[in-house]
Amino acid sequence: MNPETEVSTLHHIVENPHTWVYLGFFLFVALVGPKLWKALAQLLDRRSLKIKSDLDEAQKLKDEAQALLAEYQRKQRDAMREAEEIISNAKSLAQRQIKDAGKKLEENLARREKASLEKIAQAEATAVAEVRREAVDVATAAAAEVIRGQIDGARGSALVDQAIAEVEKKLH
């Protein structure tokens, strides 16, 4: 290249605003860059430590939540077993009460049947006694009429009274 062309090219580079912007940028990066990179690195390090701390805290909370979930699941299983046991006990108690009620009903019916039979027997005995009394009264009246018809007077009345007394003693 010739010197004139070199000067012209150099002049053109010096007068070009892009050159100064590039030069300023490189100077800025050279002077401020290491501090800026250091500050950015520290900022990113702090941010990564914060994220790590948050992740550790989240893991800790997750572990606690899983422990609580396991505990509640165990409590739920225990409650279900207890509920099944209560239901089973209630069913067996109900069955026993049904059997007891059946026995008591049978006993009550047997007692009532016995009492009814006793009342019937007593009513029969009363009816038989009443029929006998009526029969005695009718037989006595008939005997008195027969004896009065056959025997006269005071002697007949005395015999009738004596016969009535004897018949009543024997029939009652």
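The values are calculated or read from the model by the stated rules, or taken from the named source; none is laboratory data. Predicted model, so just to flag it, every value in this text is computed and none were measured. Please note: Cβ atoms are built from the backbone with ideal geometry, for glycine as well, and neighbour counts cover all protein chains shown.
Table: residues versus (1) touching a helix residue (DSSP H, G or I) at 6+ places or on another chain (Cβ under 7 Å); (2) of a type in the set (S, T, N, Q); (3) touching a residue at least 60 places away in the same chain (Cβ under 8 Å).
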{"residue": "LYS38", "(1), (2), (3)": "no, no, no"}
{"residue": "LYS50", "(1), (2), (3)": "no, no, no"}
{"residue": "ALA58", "(1), (2), (3)": "no, no, no"}
{"residue": "GLU82", "(1), (2), (3)": "no, no, no"}
{"residue": "GLU85", "(1), (2), (3)": "no, no, no"}
{"residue": "SER88", "(1), (2), (3)": "no, yes, no"}
{"residue": "SER92", "(1), (2), (3)": "no, yes, no"}
{"residue": "ALA123", "(1), (2), (3)": "no, no, no"}
{"residue": "ARG132", "(1), (2), (3)": "yes, no, no"}
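Within the range 31-51, is even one residue exposed (fewer than 10 other Cβ atoms within 10 Å of the Cβ), of a type in the set (A, V, I, L, M, F, W, C), part of a helix (DSSP H, G or I) and at negative phi?
no
Table: residues versus (1) in contact with an Asp or Glu (Cβ under 8 Å, 6 or more places away or on another chain); (2) at pLDDT below 90; (3) not basic (Lys, Arg).
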| position | (1), (2), (3) |
| --- | --- |
| TYR22 | no, yes, yes |
| PHE25 | no, yes, yes |
| ALA30 | no, yes, yes |
| LEU43 | no, no, yes |
| ASP54 | no, no, yes |
| LYS60 | no, no, no |
| GLU71 | no, no, yes |
| MET80 | no, no, yes |
